[in-house]
Amino acid sequence: MTNSLRPHGQNRAPLPPAQSPADGVPSPRSPQKQQNQQSPSNERTAPRAAEGKQRDAFFDNAKYLAIVLVAVAHFWEPIKGDSRILEGAYMMVYAFHMPAFIIISGFFSRSFDMRADRLQRLITGVAVPYILFETAYPVFKRFADDAPEQDISLLDPWYLTWFLCALFIWRLTTPIWKLVRWPLPLALAIAMLASVTPNIGDDLDLQRVLQFLPFFVLGLCMKPEHFRLVRRRSVRILAVPVFAAALAVGWWAVPRMNTAWFYHRDAAQQLGTPWWTGPVMVLALFGCSLLLTACFFAWVPGRTMWFTALGAGTLYGYLLHGFLVKGGDYWGWFDHAWLHRPLGEIFVSVLAAVAVTLLCTSPVRRLFRFAMEPKMDWAFKRDAADLARGREKREQTAVREKVNA
């Protein structure tokens, strides 16, 4: 939200500001800095501060670090093989990397409503990239793997595109979760019911949509002070033994637990277990994921770092690194024996982190902006509110020029 000077004598109520561009997770801005921009003592500096649209470094840092963990875990899949240590680390990372990303997505979806401009950004920032990458991945497999012609289906998300499909559905349901009295218990109940319903099928990857739903709803229910609560020094210290214990539990669970539970894409019956284990595992994994996510947030720096700016391009890194993982699998990059040894596993981890970092940089974002953040003004009508906001913005610009003169 921005604050600007308006002409004297203008008594009409200001129009609601346009939502920030969507990049999978809306652009985070510091609530505290927003308040400072709106204070009377900062009236002369408010226009310049508003032009800068200051982002909250903590959330950009969290998004970047989470996407690095996502990429590293995906690069581990082809090489973990019989490595119990790597499989245990893989299970631990999978327990919280997507929940952390989804919670942030929910937190910055709190203001979403059915206003025309926000629906437009949902379409251009989520639906259009879903359609393009849902088409691009099968085409890539067809040529890179020399495979038979691949079917393209917008109803069956392929590989990484499930998150875009889920985000689109979650955000559309945001007004409902803001309306009900107990949103989180209701979302958990829905996730538990989904875990015992194998007939849901693969359409729109609804199993994942429903089983990950509680994390999105939790983000909707959270406030800035909740994030500050887990960033205290005492929590950062406690996070060390918690992560160590989680790694030990992951190592212990490797021969005893099906890793597919962490994907949240199957019902209990599909995993060969009794139906009642579905609700139990939903609740157990939700608790474990929350604990590890809290520890992850505790370690995320709140100040501006060298990688902070990369947090705005995490959707680029998320969708594009899938081509590297799949390409490496198709072309046999991961078949070298030395990559399955400890030094090789470390090398692959570092390579994954570097690759996804480069994919979040500004040059890559400029190159692929046509697919991730298309303007598409030609496809939408201009409503009266948009036109009025444009007039108000021009008036504010004229006032700023007079004030700065």
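Output ³J(HN,Hα) for region 265-275: one whole-Hz value per residue in order, computed from phi by the Karplus curve 6.51 cos²θ - 1.76 cosθ + 1.60 with θ = phi - 60°, and x for Gly and Pro.
Karplus-based 3J(HN,Hα) across region 265-275 equals 10, 9, 7, 4, 4, 6, 9, x, 10, x, 4 Hz.
From the phi of every residue in region 59-67, what ³J(HN,Hα) in whole Hz does the Karplus formula 6.51 cos²θ - 1.76 cosθ + 1.60 yield, where θ is phi - 60° and glycine or proline is x?
For region 59-67, the Karplus curve yields 6, 5, 4, 5, 5, 5, 5, 5, 5 Hz.
Arranged by the count of other C-beta atoms within 10 angstrom, fewest first, what order do Cys360, Cys288, Cys165, Cys295 take?
The fewest-first ordering by Cβ neighbours comes to Cys288, Cys295, Cys165, Cys360.
Quick check for region 67-404: number of Lys pairs with alpha-carbon distance under 27 Å, counting only pairs 8 or more apart or on different chains?
Going through region 67-404 pair by pair, I get 7.
For labels at Arg369 and Leu343 in the simple 7 Å Cα→Cβ model, what's the distance in nm?
4.4 nm
With the crude spin-label approximation of a point 7 Å out along Cα→Cβ, what separation in nm comes out for Val180 versus Tyr263?
Result for the modelled spin labels: 2.7 nm.
Tell me, what is a quarter of the convex hull surface for the C-alpha atoms of region 67-404, in nm² with one decimal?
21.1 nm²
Counting only Cα, what are the radius of gyration and maximum Cα-Cα distance Dmax of region 262-386, in Å?
Expressed in Å, the Cα Rg and Dmax of region 262-386 come to 20.6, 63.
Using only Cα atoms, what Kirkwood radius does region 154-193 have, in angstroms?
11.6 Å
Using the scaling law 2.2 N^0.38 Å as the reference, what is the normalised Cα Rg of region 223-327?
1.35
In terms of the ratio Rg/(2.2 N^0.38 Å) built on C-alpha atoms, what value belongs to region 79-205?
In units of the globular-protein estimate, region 79-205 measures up at 1.28.
If all Cα-Cα distances of region 178-217 are sorted into 10 Å bins from 0 onward, what percent lands in each bin, rounded to whole numbers?
Over region 178-217, the share of Cα pairs per 10 Å bin runs 32, 50, 18, 0 percent.
Tell me, what is the FRET efficiency for Ser153 and Arg303 to the nearest 0.05, using R0 = 35 angstrom and their Cβ-Cβ distance as r?
So the FRET efficiency works out to roughly 0.20.
HN-Hα J couplings of region 75-92 from phi, Karplus 6.51/-1.76/1.60, θ = phi - 60°, integer Hz, Gly and Pro as x?
With coefficients 6.51, -1.76 and 1.60, one gets 6, 6, 3, x, 10, 5, x, 9, 6, 5, 5, 5, 5, x, 5, 4, 5, 5 Hz.
Rounded to the nearest Å, what's the spacing between the alpha carbon centres of region 329-345 and region 130-189? Just the number, please.
A separation of 30 Å, based on Cα centres.
Since every read-out is calculated from the coordinates, none of them should be taken as a lab result. As the structure is a computational prediction, the values presented were derived from the model and not from experiment. Please note: Cβ atoms are built from the backbone with ideal geometry, for glycine as well, and neighbour counts cover all protein chains shown.
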